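The values are calculated or read from the model by the stated rules, or taken from the named source; none is laboratory data. All figures in this text were calculated on a predicted structure; none of them were measured in a lab. With ideal geometry, Cβ positions are generated from the backbone for all residues, glycine too; neighbour counts draw on all protein chains shown. Please note that ligands, DNA and RNA were not included when accessible areas were found on the heavy atoms of the full protein model with its side chains. Shrake-Rupley method; radii C 1.70, N 1.55, O 1.52, S 1.80 Å.
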Amino acid sequence: GRPPVPANTKLLSLNISNKNVMVAGAGGSIGSELCRQILNLMPNSIILYDISEFSLYSLEKELNEINLDKIRIYPILGSVVNKVKLKSVINLFNVGTIYHSAAYKHVPIVELNNAEGIRNNVLGTLNCALAAIENDVSTFVMISTDKAVRPTNTMGATKRLSEMIIQALSN
């Protein structure tokens, strides 16, 4: 119901153009849209990191159909709870920018699976951020949600904790 705010492509290009960009949670609704937008900003490569093989397959197929400039696209199966794998992938591809959108986001499902929601959303964010720090990644962007503001459910609380982790690590 509100008018969209256009992206500032000049600002976004600073962290994307001619860089190796990784999207954690690339197969999700938010991550896949990030990948579509990133592809238009001419990265050296884009690393699609996700736990879902089908999501990776579908997204890679879609991106390759629109990838007219033949930017290298690497679909990597992995979970953000696996810090060793994250570090290895970041190092292997010399990642310069990470967009972290990997999270369980469906409130009713996370409410029924609290421990997994906390493990994936909170510990996964911590692992992703620490792997970025340990590999000298210059830019780390975490995608959050309005549900993190005064959270009333587990999903919102996990995203708020994730924000706090990123804030603490940025200091």
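Using the Cβ of Leu123 as centre and a radius below 14 Å, the other residues enclosed give a net charge of +3, where K and R count +1 and D and E count -1. Report summary: the helix-based calculation at 222 nm, which adds -39500 (n - 2.57) for every DSSP H run with n ≥ 4 and divides by the residues of the chain, gives -13500 deg cm²/dmol.
Spatial offset of segment 135-163 relative to segment 90-130 amounts to 9 Å, using the alpha carbon center of each.
Annotation: extensible slack from Leu68 through Ile109 equals 10.9 nm (criterion: 0.36 nm per residue apart, minus Cα-Cα distance). Taking 0.36 nm per residue of sequence separation and removing the Cα-Cα distance, the Arg119/Ser45 pair yields an extension gain of 23.7 nm.
Simple point charges give the picture: +1 on the Cβ of Lys and Arg, -1 on the Cβ of Asp and Glu, and for the chain a dipole about the Cα centre of about 280 debye. Apply the Kirkwood formula to segment 40-171: the hydrodynamic radius equals the inverse of the mean of 1/r over all pairs of different alpha-carbon atoms; give it in Å with one decimal. It is 15.6 Å. For Tyr74, what is the net charge nearby, where nearby means another residue's Cβ is under 12 Å from its Cβ and Lys, Arg count +1, Asp, Glu -1? The answer is -1. Heavy-atom accessible surface of Asp136, to the nearest 10 Å², is about 130 Å², with a 1.4 Å probe and all protein chains retained. Counting only protein heavy atoms and a 1.4 Å probe, the chain has 56 square angstrom of accessible area per residue. Of the residues Ser32, Ser45, Ser13, the one that moves most in a GNM of the chain with alpha-carbon contacts below 10 Å is Ser13. So for the chain, averaging the separation of alpha carbon pairs under 8 Å that are six or more residues apart and normalising by length, what relative contact order in percent results? Computed over the chain, the figure is 21 percent. Can you bin segment 56-97 into rounded, prolate or oblate? Criterion: square roots of the alpha carbon gyration tensor eigenvalues sorted a ≥ b ≥ c, rounded for a/c under 1.5, prolate for a/b above b/c, oblate for the rest. Oblate.
Protein heavy-atom surface of the chain, 1.4 angstrom probe: 57% of the accessible area is carbon and sulfur, with nucleic acids and ligands not counted.
The local environment of Gly156, defined by Cβ-Cβ distances under 13 Å, has a net charge of +2 under the rule Lys, Arg +1 and Asp, Glu -1. Compactness of segment 106-171, taken as the C-alpha radius of gyration over 2.2 N^0.38 Å, stands at 1.13.
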